[in-house]
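Shown next, in structure tokens, is the structure this report addresses.
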Amino acid sequence: MSNPIVKCTVDQCTHYMPGDQCMAAKISVYNDEMEGNSAKSADTQCKAFHHRKTVGDMIGALHNANVGGSVSAAFLEGTQITPAVECFVNECKFWDNGNYCGADQIHVTGTNASKTTDTDCETFKKK
Ligand code: SF4
Ligand code: SF4
């Protein structure tokens, strides 16, 4: 199963870590359903985004936290911490059956994001 390295610059998210890392155990990338058929990168979004200013964001973050041995080991070894990626954007050329992302690395963006739809997978490329 593929698992791209996730680089994320959405520093408003509870899962964001300096160094453009994502500390979530798993993220899901979706399409904005509004327009239907043809996706652009601006229509993709990270469903695991959790605005750090909302009430209860600690609870939300803890439900999906990459905690425990893997994180501390990764810190000690200086390896990249990266979540599992599940993607439902089948118009993307990196998309694979089983909702996998076949890219080596994805870049999640969203300047001043306050909600899920403010985030994008910039790596999206139309088939
Ligand atoms: S927006 Fe998505 S990829 Fe970025 S830190 Fe949050 S959960 Fe991770
Ligand atoms: S690069 Fe494509 S397949 Fe991978 S997460 Fe982004 S939209 Fe999904």
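Bear in mind these aren't lab numbers, they're just calculated from the coordinates by the rules spelled out. Quick caveat, the model's predicted, so the values are computed rather than measured. Positions of Cβ are backbone-derived with ideal geometry, glycine not excepted, and every protein chain shown enters the neighbour counts.
Here are a few things to note about the model shown:
- Too-long pairs where the Cα-Cα distance tops 27 Å, listed order kept, from K53/K126; K7/K53; K53/K93: K53/K126; K53/K93
- Here r is the Cβ-Cβ distance between Q105 and D11 and R0 is 22 Å; the resulting FRET efficiency, rounded to 0.05, is 0.75.
- Segment K125-F88, length gained on full extension (0.36 nm per residue, minus Cα span): 12.0 nm
- Where labels lie 7 Å past Cα in the beta-carbon direction, separation of S114 and D20 in nm: 2.6 nm
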